[in-house]
Structure formats: C-alpha cells, structure tokens
C-alpha cells in the first residue's frame, strides 16, 4: 500500500481528544465527555465473531455519517499492523503511538485482518472518528472492548443490533463490561 496516496494525521488531528479526556475508569478515559450518549462494545473472542461484530459496528457508523471521510488510528502495540509502518506516529492517551490516516469505512473494514491485530482487539482500527467529530470509537491498548460516544441515535442503533455485545454507559459509570477486569 502506498502511503503517498493517503493523508497522515498528526497531534493536531487528535488534540480535541487529548485535551478533554480524564484518567479514570469512566468513558471519559477514552472518549471526551462531549457526546449525547455512550456505549461499550465487547470484542468477541473468535475471528468469525470479531468479523461479524466489526461489520455491525462499521455499518452503524457509516449510516450515521454516510458522506464524510474518517480518521483511522492504528495503535502500534508491537503486534498489530499499523498499515503504514514508515508513517510518523502521533502520541495519544498515555503517550501511545498511533498512525493516523484520513480514509473511510471501506479502508477501516479492509486494511487489516484479525491476524494483523492484537489478540484482544479486532481488525478495525483502534481509533475511528469522522471529520466532523460527531462520534468517536476508541479501543484502549489493554481493553478487549471499544468505547463509543456520539449522538443518541447512533448509540441506540448500536445497542439495538443483536450482532453486537453492547451496553449503554453513563458518563460517570465504570466502563468495564460485566465479567471483565479493568487492567
């Protein structure tokens, strides 16, 4: 894949996330507290289930922003494919390195496989948001779930999709899904 054909993001691209998040066990650790509603989506264990879950989540996100480009953030864990290995890294959260690429849902769906991701994540990028920042999906380094913030209609769609193991989360609530450990 040719990096020259894609816009690479930098610290300005994610400054809005970095400056408005908190360091606790609430949704604000991963998602700025600026949205109408929030949810967590558990990452399934099997590759087949991960693929179904990823498709469902991406379908919901695409329906919410059908014509906008997205920023895709690939977290460099030492295991996961960051798509453009020579691209500059952008630091986010606790100084974690991401490769940020302006692309879209088709690339989020196809650029990486489950074999290219960490075992507790899935093929889709660890960070995804549209240009208008109307929603944000973030899978933190050591969590096997994704945090989502956005309009209430998006969260309702996610919660109503039986292909997703999702639950609503209130802003002050511990985001750790039932039965999981917050590491």
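For region 64-74, enumerate the residues that are closer than 20 Å to residue 39 by Cβ and either in a loop (DSSP other than H, G, I, E, B) or at pLDDT below 95 (or both).
64, 65
Restricting attention to region 15-40, and to residues there that are under 18 Å from residue 142 (Cα atoms) and in contact with a helix residue (DSSP H, G or I) (Cβ under 6 Å, 6 or more places away or on another chain), which single residue is surrounded by the most Cβ atoms within 10 Å (Cβ to Cβ)?
Within region 15-40, the match that is surrounded by the most Cβ atoms within 10 Å (Cβ to Cβ) is 39.
Taking residue 68, is it within 14 Å of the chain's Cα centre (by Cα) and either closer than 17 Å to residue 18 by Cα or touching a residue at least 40 places away in the same chain (Cβ under 8 Å) (or both)?
no
Of all residues in region 111-133, which are at pLDDT 95 or above, outside any loop (DSSP other than H, G, I, E, B) and over 8 Å from residue 70 (Cα atoms)?
The answer is 127, and nothing else.
Looking at (1) over 21 Å from residue 26 (Cα atoms); (2) touching a strand residue (DSSP E or B) at 6+ places or on another chain (Cβ under 9 Å); (3) part of a loop (DSSP other than H, G, I, E, B), which is the only condition residue 99 fails?
(3)
Which condition number does residue 62 fail, the rest of (1) touching a residue at least 60 places away in the same chain (Cβ under 8 Å); (2) touching a helix residue (DSSP H, G or I) at 6+ places or on another chain (Cβ under 6 Å) being met?
(1)
With respect to the numbered conditions (1) touching a strand residue (DSSP E or B) at 6+ places or on another chain (Cβ under 9 Å); (2) without any contact (Cβ under 8 Å) to a residue 40 or more places away in the chain, which one is the sole condition not fulfilled by residue 110?
(1)
The values are calculated or read from the model by the stated rules, or taken from the named source; none is laboratory data. Just so we're clear, the structure is a prediction, and the values are computed from it rather than from any experiment. Neighbour counts run over all protein chains shown; Cβ positions are idealised from the backbone, glycine included.
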